[in-house]
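Heads up, the thing below is written out as structure tokens.
The values are calculated or read from the model by the stated rules, or taken from the named source; none is laboratory data. Note that the structure is a prediction, hence the values are computed from the model and not measured. Please note: Cβ atoms are built from the backbone with ideal geometry, for glycine as well, and neighbour counts cover all protein chains shown. In case anyone asks, the SASA skips ligands and DNA or RNA and just uses the protein heavy atoms, side chains included. Shrake-Rupley method; radii C 1.70, N 1.55, O 1.52, S 1.80 Å.
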Amino acid sequence: MMFKGRDVISILDFTSEDLMKIFRVASEMEAYVKTGVDLLRDRILALLFFEPSTRTMFSFQTAMYRLGGKCLVFSGVERTSIAKGETLGDTIRMMDGYANAIVIRHKIEGAAKYAAEIAEAPVINAGDGSHHHPTQAMLDLYTIWKARGRIGGLKIGVLGDLKYGRASTSFIFGASLFKPETLYLISPPELQVKPEVRDKLGEMNINYVETTDLTNVIKELDVLYVTRIQKERFPDLAEYERVKGSYQINRSLLTGVKDDLMILHPLPRVDEISPEVDETRYAYYFEEARNAIPVRMALLKLILLGD
Amino acid sequence: MGEGLLVRKIRFGTVIDHIPAGNALNVVRILGINGDEGIRLAIIMNTESSKLGRKDIVKIEGRELTMDELNIIALIAPTATINIIRDYEVYRKEKVSVPDYIEGIIRCSNPSCISNQGRETAKPKFRVVSKEPLTLECIYCERYTSREEIVKQFISHMGV
């Protein structure tokens, strides 16, 4: 599919070939992540962060600057007309007149799709409630491809809050596009994937296993994608403490894992990965965060200039 | 008591028969009929039925509804049958069937969906994932809405 002018709402709007194209351009962009390249001069990217963000917002901003473009940014709505009661629809209509592309993060699910219906400029979803976060999945998968040379055919585990986590949902779908050998969905029973996700995995013929048991599964894995277990999801604090403890990645849990296991995390982490893991060969999460720049540069280049 | 004694036959219009007992008011509501349009309408509830045991019937005089309008009834009353009446005779008889795509009329079950934010103009839109059991997928947030949730919406809407 052509990239120019394309909206990025869900990772499932893309095929594995589309994603490979982004990854190839991203690896070309690696040369410019610190020096820049003048491809998008005079182009303006609007960054509308109705919900606060650090990594996603700053990495989109950095990517646009490195491509020679400019950004219009707000993060939080306190000093905007939204605080006066302006609707999302009107905000998008206005920004559509100013910018060449719009990046949006919003707590309401479906907000990015709605924005894309209104705007003529391409809209990139940077997270809508607990729904999707497609560009996070792109950089997660790029990290795997860069390290392993392939994504398909691997044994991939996804750990944590699979019910409300938008990064985990997008990663699950994104990894599925490449047909993993087995996809392990590891979570406490109360945070299992939604039926909607299960049905899509069924439609895609994915070999997936739902389990609560990390200790045994981890030895099988090529990739472990860790996400935060959110305290506020538990009505019972004692239950939260128990679950949190059983899903903490530390050195002793890593005994007997595959030599080339990759541990990923969309960050921010709280205590689900112990800092002692940072020094091991398995830790890829800081590189993953750095990969946001070449991947988002590649995406902006493809969407604004075409293939 | 025979049905004919309860409400007389209509000359022209639409009869919605075989509505599961107790659902006639929901059917009227899902058709968007509020009562102030001036439509002559009869609602018969909990009458005898050989097929269903008990059933409801709605008779709408003077208006032939199209199947596109009527198929929406299948969301809450899948057993309903439609009789188009002309000059006291059944001119056409059809069963309702769930459409593949639904826009407006019902709400997404997810309160955090963009289609449930009052001041935004995102109209609820659904793809039908399964007709039995009925499962609708929201075009915006992709959350499922079931028949039970749809029925609840119409009940709460009526303040019953």
In the range A:180-213, the residues that are closer than 25 Å to B:Ile139 by Cα, in contact (Cβ under 8 Å) with a residue 12 or more places away in the chain and away from chain B (no Cβ under 14 Å): A:Leu191, A:Gln192, A:Met204, A:Ile206
Hey, does the range A:37-47 have a residue that's free of Cβ contacts under 8 Å to residues at least 40 places away in the same chain, open to solvent by 10 Å² or more (accessible area, probe 1.4 Å) and either small (Gly, Ala, Ser) or within 11 Å of chain B (Cβ to nearest Cβ) (or both)? no
Looking only at residues in the range B:33-54 that are in a loop (DSSP other than H, G, I, E, B) and within 18 Å of B:Ile73 (Cβ to Cβ), which one is nearest to the chain's Cα centre (by Cα)? B:Ile33
If we scan the range B:29-39, do we find a residue that is within 26 Å of B:Arg147 (Cβ to Cβ) and modelled with pLDDT of 95 or more? no
First in the range A:1-27 and buried (at least 21 other Cβ atoms within 10 Å of the Cβ), second anywhere and of a type in the set (D, E, K, R) and modelled with pLDDT of 95 or more, Cβ under 7 Å, 6 or more apart: A:Ile9/A:Lys113
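Conditions tested, residue by residue: (1) open to solvent by less than 10 Å² (accessible area, probe 1.4 Å); (2) under 21 Å from A:Tyr208 (Cβ atoms); (3) modelled with pLDDT of 95 or more.
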| residue | (1), (2), (3) |
| --- | --- |
| A:Ile92 | yes, no, yes |
| A:Ile102 | yes, no, yes |
| A:Asn125 | yes, no, yes |
| A:Ser130 | no, yes, no |
| A:Leu141 | yes, yes, yes |
| A:Ile151 | yes, yes, yes |
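Quick one: which of A:Ile118, A:Ile144, A:Ile102, A:Ile156 is touching a residue at least 40 places away in the same chain (Cβ under 8 Å), in the same structural domain as A:Val73 (by TED's automatic domain parsing) and more than 16 Å from A:Arg55 (Cβ to Cβ)?
A:Ile102
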Of the residues B:Glu149, B:Glu137, which is acidic (Asp, Glu), out of contact with any His (no Cβ under 9 Å at 6 or more places or on another chain) and away from every other protein chain (no Cβ under 11 Å)? B:Glu149
Answer yes or no: is there a residue in the range A:97-110 that is within 13 Å of chain B (Cβ to nearest Cβ), outside any strand (DSSP E or B) and within 27 Å of A:Met20 (Cβ to Cβ). no
Among the residues that make up the range A:66-76, is at least one of them farther than 25 Å from A:Val25 by Cα and without any contact (Cβ under 8 Å) to a residue 12 or more places away in the chain? no
Enumerated helices (runs of 4 or more DSSP H) restricted to the range A:192-307, each holding at least 1 residues that are open to solvent by less than 40 Å² (accessible area, probe 1.4 Å), farther than 23 Å from A:Arg55 by Cα and outside the structural domain of A:Thr35 (by TED's automatic domain parsing): A:195-203, A:214-217, A:237-246
Counted residues in the range B:83-134 being open to solvent by less than 30 Å² (accessible area, probe 1.4 Å), within 14 Å of chain A (Cβ to nearest Cβ) and without any contact (Cβ under 8 Å) to a residue 24 or more places away in the chain come to 2
